[in-house]
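Have a look at the structure below, then the notes.
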Amino acid sequence: DIQMTQSPSLLSASVGDRVTINCKASQNINKYLNWYQQKLGEAPKLLIYNTNNLQTGIPSRFSGSGSGTDYTLTISSLQPEDFGTYFCFQHNSWPGTFGGGTKLELK
Amino acid sequence: QVQLQQSGAELAKPGSSVKISCKASGYTFTSYDISWIKQTTGQGLEYIGYINTGSGGTYYNEKFKGKATLTVDKSSSTAFMQLSSLTPEDTAVYYCARGPFDYWGQGVMVTVSS
């Protein structure tokens, strides 16, 4: 299975900050990489699909980039509602695998 | 709007089975696969497998073969996952998700305890 190494595992930031979260795959995943936000007690919500495509209804402050094995989620200006846990997910190879998560908390 | 409504929390004894459901609405059910995902604090998110809602064909992560059985009832737009021979390690939240993993159910907490 492809291993997805996500970093950092914990990120403390303030409203208005620009933040980046990274995922590194153990092999090339051909940009088949999604990003999700999860809040406590809720289901994950799709933010970005296939590296850089913004899901309908997601604010434009979220963006994604990357290729090969390295991928990044960027939030350009943190808003209060953005705090939570973020996951990456590769669906290039069977079975799809998830990163370990980044908990984004208020500094 | 697309919705996946899952059944309620389950408390089960070791060695028993549970069957959880995922009822879809707001789209053509047979146009998308339904996937199932396990979430635990220790192991994070794990992909169990998926079912082709049109053909009923199933595809399992090797790790979950023999543990999970996926089925579908097209007449009610509902997908099911049965978990068998339960152990405490099966205690988790289980999610269903529509094919491209764009919409998820609210999750079902399954607790295995004697």
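Each value in this text was obtained by applying a stated rule to the coordinates, not by laboratory testing. Computed from a predicted model, the values in this text were never measured in an experiment. Quick reminder, even Gly has a Cβ in these numbers, built from the backbone with ideal geometry, and neighbours come from all protein chains shown.
Suppose the Debye formula is applied to equal point scatterers at every Cα of the range A:1-62; what is log10 I(q)/I(0) at q = 0.16 Å⁻¹?
Each listed q corresponds, in turn, to -0.65.
Based only on Cα atoms, what mean projected area does the convex hull of the range B:56-95 have, in nm²? Could you put the intermediate results ahead of the total?
On the way: hull surface 13.5 nm².
Taking a quarter of the hull surface, the average projection is 3.4 nm².
Please list 3J(HN,Hα) in residue order for the range B:84-95, calculated via the Karplus relation 6.51 cos²θ - 1.76 cosθ + 1.60 where θ = phi - 60°; whole Hz, with x for glycine and proline.
Whole-Hz 3J(HN,Hα) from phi for the range B:84-95: 10, 6, 5, 10, x, 5, 8, 5, 5, 9, 10, 10.
Subtract the Cα-Cα distance of B:Ser17 and B:Ser76 from 0.36 nm times their separation in residues, and report this length gain in nm to one decimal.
Details: separation 59, 0.36 × 59 = 21.24 nm, distance 2.25 nm.
Stretched fully, the B:Ser17-B:Ser76 segment lengthens by 19.0 nm.
With only alpha-carbon pairs counted, each pair once and no self-pairs, how large is the Kirkwood hydrodynamic radius of chain A in angstroms? If you can, show how the numbers build up before the last one.
Values: mean 1/r = 0.0738 Å⁻¹.
For chain A, inverting the mean 1/r across all distinct Cα pairs yields 13.6 Å.
Out of residues 5 or more away from B:Tyr103 or on other chains, whose amide H comes under 5 Å of its own, with H placed 1.01 Å from N in the peptide plane?
B:Arg98
Highest GNM mean-square fluctuation, chain A, Cα pairs closer than 10 Å: which of A:Ile58, A:Ile75, A:Ile48?
Ranking A:Ile58, A:Ile75, A:Ile48 by mean-square fluctuation puts A:Ile58 first.
Once you order the gyration tensor axes a ≥ b ≥ c over the Cα atoms, which shape class does the protein assembly as shown get: rounded for a/c under 1.5, otherwise prolate or oblate by comparing a/b with b/c?
Working: a/c = 1.71, a/b = 1.55, b/c = 1.10.
Verdict is prolate for the protein assembly as shown.
Out of the DSSP beta bridges found with both residues in the protein assembly as shown, what percent are antiparallel (nearest 5)?
For the protein assembly as shown, the DSSP antiparallel bridge percentage is about 90.
Report the relative contact order of the range B:1-110, percent, no decimals, based on alpha-carbon pairs under 8 angstrom and at least 6 residues apart.
Averaging sequence separation for qualifying contacts and normalising by length gives 36 percent for the range B:1-110.
For chain A, set up a GNM with springs between Cα atoms under 10 Å and report which of A:Asp70, A:Asp17, A:Asp82 has the largest fluctuation.
A:Asp17
By the scheme Lys and Arg +1, Asp and Glu -1, what is the net charge of all other residues having a beta-carbon under 12 Å from that of B:Ser84?
Details: positive: B:Lys19, B:Lys65, B:Lys67; negative: B:Asp90.
Neighbourhood net charge equals +2.
Bin all alpha-carbon pair distances of the range B:32-114 at 5 Å intervals from 0 and give each bin's fraction as a whole percent.
3, 15, 26, 27, 17, 8, 3, 0
With 22 Å as the limit, write out which pairs from A:Lys24/A:Lys107; A:Lys31/B:Lys63; B:Lys38/B:Lys67; B:Lys19/B:Lys63 have Cα-Cα distances beyond it, or answer none.
Values: A:Lys24/A:Lys107 25 Å; A:Lys31/B:Lys63 25 Å; B:Lys38/B:Lys67 12 Å; B:Lys19/B:Lys63 19 Å.
From the list (A:Lys24/A:Lys107; A:Lys31/B:Lys63; B:Lys38/B:Lys67; B:Lys19/B:Lys63), the Cα-Cα distance tops 22 Å for A:Lys24/A:Lys107; A:Lys31/B:Lys63.
I need the phi-derived Karplus couplings for the range A:3-12: 6.51 cos²θ - 1.76 cosθ + 1.60, θ = phi - 60°, integer Hz, Gly and Pro marked x.
Values, residue by residue: 8, 10, 9, 9, 8, x, 7, 9, 9, 9 Hz.
In whole Hz, what ³J(HN,Hα) sequence does the range B:5-14 give by Karplus (6.51, -1.76, 1.60; θ = phi - 60°), x for Gly and Pro?
Using θ = phi - 60°, the values come out as 9, 9, 6, x, 4, 10, 10, 10, 8, x Hz.
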